1. Checking VAL459 against (1) surrounded by fewer than 22 Cβ atoms within 10 Å (Cβ to Cβ); (2) in a strand (DSSP E or B); (3) not charged (D, E, K, R), which test does it fail?
2. Take TYR90 and decide whether it is within 26 Å of LEU223 (Cα to Cα) and not β-branched (Val, Ile, Thr).
3. Checking the condition assigned to a helix (DSSP H, G or I), over 19 Å from ASN4 (Cα atoms) and in contact with a strand residue (DSSP E or B) (Cβ under 6 Å, 6 or more places away or on another chain), which residue from VAL117, VAL108, VAL76 passes?
4. Would you confirm, using the coordinates I've provided, whether GLY297 is farther than 22 Å from PHE413 by Cα, exposed (fewer than 15 other Cβ atoms within 10 Å of the Cβ), touching a Pro at 6+ places or on another chain (Cβ under 7 Å) and of a type outside the set (Asp, Glu)?
5. If you check TYR397, TYR367, which single one turns out to be closer than 26 Å to LEU301 by Cα and either of a type in the set (D, E, K, R) or touching a strand residue (DSSP E or B) at 6+ places or on another chain (Cβ under 9 Å) (or both)?
6. From the residues in the range 17-55 that are among the hydrophobic types (A, V, I, L, M, F, W, C) and assigned to a loop (DSSP other than H, G, I, E, B), which one is surrounded by the most Cβ atoms within 10 Å (Cβ to Cβ)?
7. Go through the range 109-151 and give me each residue that's within 15 Å of TYR81 (Cβ to Cβ) and without any contact (Cβ under 8 Å) to a residue 12 or more places away in the chain.
8. Would you confirm, using the coordinates I've provided, whether GLN375 is more than 16 Å from the ligand (Cβ to nearest atom) and within 24 Å of the chain's Cα centre (by Cα)?
Amino acid sequence: MNANLFAALQSAFPQDLDACAIECADGAELRYSWRDLERGTAMLANLLVSLDLPPGSRIAAQTEKSVEALMLYLAVLRAGYVYLPLNPAYQAAELSYFIENAEPAVLVCSGQHFGWVSKLAFLAGTSYVFTLNEDRSGSLLDRAAQMSDQHTVAEKAPDDLAAILYTSGTTGRSKGAMLSHRNLLSNAQMLKDFWAWRSDDVLIHALPIFHVHGLFVASHGALLAGAKMIWFAKFEPRAVIRRLAEASVFMGVPTLYVRMLNEAALTHEACQHMRLFISGSAPLLIDTFSDWQTRTGHTILERYGMSETLMLSSNPCRALDGERIGGTVGPALPGVEIRVVDDEGKPCASDEIGHVQVRGPNVFAGYWRMPEKTQEEFTADGWFKTGDVGRFDAQNYLTIVGRSKDLIISGGFNVYPAEIESFLNEMEGVAESAVVGVPHPDFGETVVAVLVAQAGAQVDGAALIATLKRQIAGFKVPKHIFVVSELPRNAMGKVQKNLLREQHRSLFA
Ligand code: AMP
């Protein structure tokens, strides 16, 4: 049997192919039928096939969110190639790392950036650069329009690669998680049952589609159920609240919930038609969880997962499976094994904090072209080390208490301090820097930098921030830079970031 994920999604399309599959909520009032998805992905897949690419070719996309961009992802699966989504906020330094590392055969970008992006790509050996714009113009669709709308889904084995998701920013540290058709399909099928997806569900899709949450969890959920999506290219709290009356499922990062809570229009009545609110990608504050209950009468279901493993644990969906407990990410999902171990690898008792390790058909094959890194992140008995620190309670509900690495999650996006530090340290007059995450009411966490100036140099934090904004994605730029005479260090000479975090924790309170 063909293990191609697209084949499974396609066979879940409803019988009535003229029914609405996706309705755009912002801008033009566009509706896409299931037939449109079928034909559009066939034409795009035929375009890829016509390029005669080697098997396993990577197709990279750095575009704004659009239904056509989603169709491109589906067409890459359909044609049997490997999809590589990239955050459209990435600038030249970041993009060139991904292109050199992944060596995509094809890159799709917005027309606005074609000049510098194509130069980078062609230098790195990419064969084709197409454009796809927010208004559906560009060479990708122009070329696809000339293709046949009949296409037979490519044969794939379960372990064949379907997508590569880069775990963060740039310069050496960012790793490409290799996800197979089996990884994606097994997780999607399990979530379809666990979250009780139905064909009459309507999903509000307001997440970006370059990340596991919006691209896989949300899109696969609706597609595999044959359920309609209301599609927001950008999250806008008031507009989303207005459409809740027609929807039944919403997925968001905690920031989206905080933004909606700030709107007076968020009421019990506005949420009457809703079945399920799901949160993930970053910790949901207990205040947000409780405020949401009070304001809407709904209990947010919090789940936990990551690019390398897809979804790992979830609070229950159906009442018969148990209660949703705020502050926890629920028990392990069916088919997924999670264990919490101490520094020696021995299992921790209930309520004891340790390293979270996981195993299952959802766990990725390894990091793209990084065999040593891959080996380091797996135990000898095959468990993946998530890098998260957590504890199980007596009912086997998992709580994530922090991250062993100093990852900052701002508005659901990962920021690796070492990356920002390397940019800061390159700047004129900067001797050294330390970047930490501090609590932020809107983003959950945000980035703050503390730095030491070179002897005799005058450093202006605001000017450094302005420079950084031209170099890296906005969500990674420190919101504030402090200049100090020295960084706190421990006896081993390591910077004590915990002290810095503590010192600045009320900055945005
Ligand atoms: P990413 O690969 O970008 O999805 O980031 C994965 C990381 O996000 C995980 O390793 C966790 O540190 C964090 N994460 C995801 N979901 C949650 C959650 N519900 N609570 C706390 N942290 C989470």
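1. (2)
2. No.
3. Working: VAL108 fails: assigned to a helix (DSSP H, G or I); VAL76 fails: over 19 Å from ASN4 (Cα atoms).
The conditions single out VAL117.
4. On the way: farther than 22 Å from PHE413 by Cα: yes; exposed (fewer than 15 other Cβ atoms within 10 Å of the Cβ): yes; touching a Pro at 6+ places or on another chain (Cβ under 7 Å): no; of a type outside the set (Asp, Glu): yes.
No: the conditions fail for GLY297.
5. So the residue among TYR397, TYR367 that is closer than 26 Å to LEU301 by Cα and either of a type in the set (D, E, K, R) or touching a strand residue (DSSP E or B) at 6+ places or on another chain (Cβ under 9 Å) (or both) is TYR397.
6. ALA25
7. Narrowing the range 109-151 to residues within 15 Å of TYR81 (Cβ to Cβ): 126-128, 130, 140, 144, 151.
Once the filter is applied, which keeps residues that are within 15 Å of TYR81 (Cβ to Cβ) and without any contact (Cβ under 8 Å) to a residue 12 or more places away in the chain, the range 109-151 yields nothing.
8. Details: more than 16 Å from the ligand (Cβ to nearest atom): yes; within 24 Å of the chain's Cα centre (by Cα): yes.
Taking the combined requirement at face value, the residue satisfies it.
The values are calculated or read from the model by the stated rules, or taken from the named source; none is laboratory data. Because the structure is predicted, anything quoted here is derived from the model rather than measured. FYI the Cβ positions are ideal-geometry reconstructions off the backbone, even for glycines, and counts take in every protein chain you see.
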